[in-house]
Amino acid sequence: MTRARPELVEAARVLLDQMGISVADLLQATGVRPTVPTFVEYVPVVQAAVGPGSRKVYGTYWRKAVERWGDRRLDEVTPTDVETLMRQVQDSALRRRNFRGGHSAAEHLIGALRCLYKRAVADGLISASEDPAQKVAKPHRPTSTRTALADDRLAELVTMAGTSGNDPELDSLIIRFHIETACRRGGLLQLRPVDLDKQQCLVMLREKGESFRWQPVSPTLMRFLQHHVDERGVGERAPLLRYRDGKPVGRRRYDGLWARLGGVLPWVATQQVSAHWLRHTTLTWVERVYGYGVALAYAGHAESPNDAGTTARYVKASQQEVATALSGLTGESHPLALPELDT
């Protein structure tokens, strides 16, 4: 066979690019394509390739797909199959106290399948037009009922956390940390002693999306954190938050804390208040007093392209401005706060 001249190959490649046709598309059109794997074969491949966050969120839904379609090839599942499974997942969602119709479960199922099929397209196993998950609309997420807490309600939470339960010191530390940092639950649970910059009163937060940021905390909170480390014998690279017996604190402590607070403060149980409400409370105050850009940075959203479109690119706040907002919130001076605004 005569070998094609390089200049002709390049011209053909440019033409295919202009037409939006890939080599995989040509192979499929001529009947030559990779063998499409089944769900039971391909799900482990995807699980090994994605990050721990995706595995945690999507793992349950990939298992459901394997249970339903394990021996079927990826290209044998139709949009109707996907939508049917989505409705069943929504109907069978666990009825927790914050149940809102199973919309979150349905949304996560579609997200999990889109993640799986996107990788199958990238691997050349199917074409983008064969992706059934993209042809099923994601359920709209219900509007959140969370809102900022009034000052008197916040004071009630702080008081009850510090005067009830089997470890008021631990619970007070959890509540204060969330009020000051406005972090998500994972930010505190993943905190380690090595993540404390005691000189500058900063903590390293690790949150969803594998994001990292240094967040200012008050000198008082930094002393509480260091006292907790010293008293409970925490290793430098081990989870900081500990019970009195030295065992690491997990998500169940949060569940127990809010269930207990709901038992003594009826409005907590009625409105299903959680740690995320403290995030709303702090960020609302920061936005009202210091502006939108500072609130974005305080929340760890300053780098997100989804916040207010391109506007977020022009209103990024510095760490000094975040520290100044914290100083205003706590009434304490902070080493990094702007001198002219430092309280």
**Study point:** 37 °C / 0.692 mPa s Stokes-Einstein diffusion coefficient of the range 151-330, Kirkwood radius on C-alpha pairs, µm²/s
**Key:** 194
Practice item. Find out how many positive minus negative residues lie around Cys183, taking Lys and Arg as positive, Asp and Glu as negative, among other residues whose Cβ is under 13 Å from that of Cys183. Key: +4
Point to revise | Selected from Pro79, Pro193, Pro219 as most flexible by GNM, with the chain as the system and alpha-carbon contacts under 10 Å | key: Pro79
Practice item. Name the shape class, rounded, prolate or oblate, that the alpha-carbon gyration tensor gives for the range 33-135, where a ≥ b ≥ c are the square roots of its eigenvalues, rounded holds for a/c under 1.5, and otherwise prolate holds if a/b is larger than b/c and oblate otherwise. Key: prolate
Revision key, fill the gap. Computed about the Cα centre, the charge dipole of the range 151-330 from +1 Lys/Arg and -1 Asp/Glu charges at the Cβ has a magnitude in debye, to the nearest 20, of 400
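How do 178-187, 8-17 rank on mean C-beta neighbours within 10 Å, highest first?
178-187, 8-17
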Practice item. For Ala11 and Arg244, compute 0.36 nm times the residue count separating them, minus their Cα-Cα distance, and round to one decimal in nm. Key: 76.8 nm
Review point. Once Rh is set to the Kirkwood radius over Cα pairs, what Stokes-Einstein translational diffusion coefficient, in µm²/s, holds for the range 218-300 at a temperature of 37 °C and a viscosity of 0.692 mPa s?
Key: 214
Review point. On average, how much area does the Cα convex hull of the range 100-226 cover when viewed from any direction, in nm²?
Key: 11.8
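Read-outs throughout are calculated quantities, based only on the coordinates presented, and are distinct from any laboratory measurement. Remember, it's a predicted structure, so these values are computed and weren't measured experimentally. Cβ sites come from the backbone with ideal geometry, for glycine too, and all protein chains shown count toward neighbours.
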